[in-house]
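For reference, the structure is listed below as structure tokens.
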Amino acid sequence: MALIRSAALVTILAYTVSLGTTVAVDQTPSAQDTDIDRNVRPGDDFYRYANGNWLRTATGSGEGPDTRALLVKRTNQRVRDLIQEAAELESAKGSVAQKVGDYYASLMDEAGIEAKGLAPLATELAAISAITNKTSLSAYLGATLNSEVDGLTDNADHIFGVWVNQGFAESDHYVYHLLQGGLGMPDRDDYIDPSPKMVELRGQYKAHIGAVLKLAGIADPESRAARILALEIQIAQSHAPDSDAADVFKQNNPWKRADFRVKAPGMDWDAYFKSAGVAGQPEFIVWQPSAVTGTSALISSEDIDLWKDYLKVHLIEHYASVLPKAVAAEHFVFYGKILAGAQQVPDRSDDAIRGTNAALGQAVGQLYTQRYFPPEAKAKAQAMVRDLFGAYRARISNLSWMSPRTKEKALAKLAALRIGVGYPDKWIDYSTLDVVRGDAFGNMQRAEAFNRLRNLAKLKQPADPDEWRIDPQIVGAVIVFSPNTETFSAGILQPPFFDRQGDAASNYGSAGAGIAHEISHSFDELGNIYDDQGRLGKWWTAEDATNYHAAAAKLEAQFDRYCPLSDLCVNGKQVSGENIADVAGLLTAHDAYILSLKGKADVVIDGLTGEQRFFLAFAKRWRKIQDEAALRRQVKTDSHAPGEYRSDTVRNVDAWYKAYSVAAGDKLYLKPEDRVKIW
Ligand SMILES: [Zn+2]
């Protein structure tokens, strides 16, 4: 089971903050913005001026809602409707709609799946049974080497996973990245932590393995389960600790093909790589060498029959969603109830939607964007991105704290940065993937094989920095530092973040400031270890870093003074990196907004000037209903400050003072010399 973790290489941006409703451009004088609380003076409390009425009327508990949560809900419903419509339609064989519809319909065909029993597994189970020695075991394991991991996910389903991406030292071609895997529980600590809670969890996992063996009709399930757990504990002991995931330099371990025999004896690597389809691959990047060495040794030291039991259990688990309900029910007991704390079995359609998205992400994405993100939306977002680039070019050129040589590198990196918006220019071509209604198991197997072959084919092609790593229908964005690229999906580029028919001032103040925030990460302490082509290597000088930290200290002091509760204040240092990005994002988006006007004055809408709407949209980004416990948790642990204080970023921008006539004596007023500008 794969777990999403944050690796230094790639960052999934969850947009944990909320954005507000965009002021719609309306020819007729419309109803005024009902979220604003006009009893609050903008200069005293801009967050409550912008959101006061919304905060009073929105309901929620714990963490939410915020706008992102509402967008996820809306978008999930749209995706569900599209997939279910496709399942009802009679689409031309081979079309995207046919594949999506038939994939979903097959997953929903509970009776058909039930009638087949475990028969679909017969070929695979026979292949496992035919294993007799180390070579045939290695060959079988090689055939399971799937591209089910990437820089975002580690702990592959099988003993190793592969990610085909550019290398850390060269950017022109794809490289074979090998990542650790093979554990049924998500965390290495689940296996080695001696606390009573984890001991209990391991007991529950062992019982679950036993239940799966029993379902497969394998004799003596209890003692076999104990041995399988013991094997996984040994695999876990060789895994790299979670803390290593934050340090990309630890993952950059180039191995030549011949190194495997010397550094990781045990596996028959010839047999392994041959059946993985990469017999001729000369170079690999091994992210966790200890896991490759440790697991390979276990191929030799452990009994072949134990490995065969292990493989059978993991095979059944892997296909649980397309097997009879007894298997799915047992899967839910451990993964749903015990691990995730779920009370109820999810609706079958929820799993089917998830499965369809996982297998045919960009096919569903095509259906989604055809309806909800037309080419003119993409063109509008691209124009905004061009303005943001123009604004950044000017800002970086004028930086006073960065040395001239470093500035040159930053400008080169900006010039090379690829920003994708909405959906990819080139979709994945699914024409060689056959989807057959009534064959849920076969569809899943073929989709996985299709994915594996597509990734293997990349090894022979030049690296493509414009490849998408997030599906358009996901409400999110991804920064990938290697290659140098950022992607903002159609799911996140919708009202109120971005309205293709809406007001430019609001779009730039909301989505524009968000995109500009992320761009700044390419040049800050996160991005400064990757060059313009996404190759590893620090490009700041020690002096650049010293100057940057001196400037950051001023902003940290500003945030230290925010105390949401009498005994709870923000820790400026903990949230420093994100606040700097907020300031950079807001300033640059404002520059870009001015650029977009091309010298013309903006119109007044609902009594608000363009400048006012720009900052208003920014303040709305951050609104959120949050109870005290959630607020305390965020202040103590999160690298992002609570939304209210992120909204107060406006205090550092001169144009905000002008837009809302904020002056000395107003609560948010800062003297010009106290306003922080780092970028
Ligand atoms: Zn950020």
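The values are calculated or read from the model by the stated rules, or taken from the named source; none is laboratory data. All of these numbers come straight from a predicted model, not from anything done at the bench. Neighbour counts are summed over all protein chains in view; Cβ atoms, including those assigned to glycine, are modelled from backbone coordinates with ideal geometry.
Tabulated values for the structure
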{"item": "Tally, over region 535-563, of residues that are exposed (fewer than 14 other Cβ atoms within 10 Å of the Cβ), of a type in the set (Lys, Arg) and over 30 Å from Thr485 (Cβ atoms)", "result": "1"}
{"item": "Residue in region 619-630 that is within 28 Å of Pro495 (Cβ to Cβ), within 16 Å of the ligand (Cβ to nearest atom) and out of contact with any Gly (no Cβ under 6 Å at 6 or more places or on another chain) present", "result": "yes"}
{"item": "Helices (runs of 4 or more DSSP H) contained entirely in region 360-429, each with at least 3 residues that are polar (S, T, N, Q) and in contact with a Phe, Trp or Tyr (Cβ under 7 Å, 6 or more places away or on another chain)", "result": "361-372"}
{"item": "Residue that is surrounded by the most Cβ atoms within 10 Å (Cβ to Cβ), among those in region 638-679 that are in a helix (DSSP H, G or I) and either among the basic types (Lys, Arg) or within 16 Å of the ligand (Cβ to nearest atom) (or both)", "result": "Thr649"}
{"item": "Meets criteria (more than 14 Å from the ligand (Cβ to nearest atom), closer than 23 Å to Ser520 by Cβ and part of a loop (DSSP other than H, G, I, E, B)) for Val570", "result": "yes"}
{"item": "Residue count, region 599-630 (criterion: hydrophobic (A, V, I, L, M, F, W, C), part of a helix (DSSP H, G or I) and at pLDDT 95 or above)", "result": "6"}
{"item": "Failed criterion for Ile474 (all others in (1) away from the ligand (no atom under 16 Å from the Cβ); (2) not in a loop (DSSP other than H, G, I, E, B) hold)", "result": "(2)"}
{"item": "Conditions (1) at pLDDT 95 or above; (2) surrounded by fewer than 21 Cβ atoms within 10 Å (Cβ to Cβ); number of the one not met by Arg452", "result": "(1)"}
{"item": "Sole residue being outside any loop (DSSP other than H, G, I, E, B) and under 30 Å from Glu317 (Cβ atoms), chosen from Asn507, Asn443", "result": "Asn443"}
{"item": "Residue within region 252-264 that is part of a helix (DSSP H, G or I), among the polar types (S, T, N, Q) and modelled with pLDDT of 95 or more present", "result": "no"}
{"item": "Wholly within region 65-152, helices (runs of 4 or more DSSP H) carrying at least 1 residues that are among the β-branched types (Val, Ile, Thr), within 33 Å of the chain's Cα centre (by Cα) and crowded, with 20+ Cβ neighbours inside 10 Å", "result": "67-88, 96-108, 110-116"}
{"item": "The one condition in (1) crowded, with 20+ Cβ neighbours inside 10 Å; (2) within 16 Å of the ligand (Cβ to nearest atom) that Tyr593 fails to fulfil", "result": "(2)"}
{"item": "Members of region 510-537 found to be part of a loop (DSSP other than H, G, I, E, B) and within 15 Å of the ligand (Cβ to nearest atom), listed by number", "result": "Ser522, Phe523, Asp524, Glu525, Leu526"}
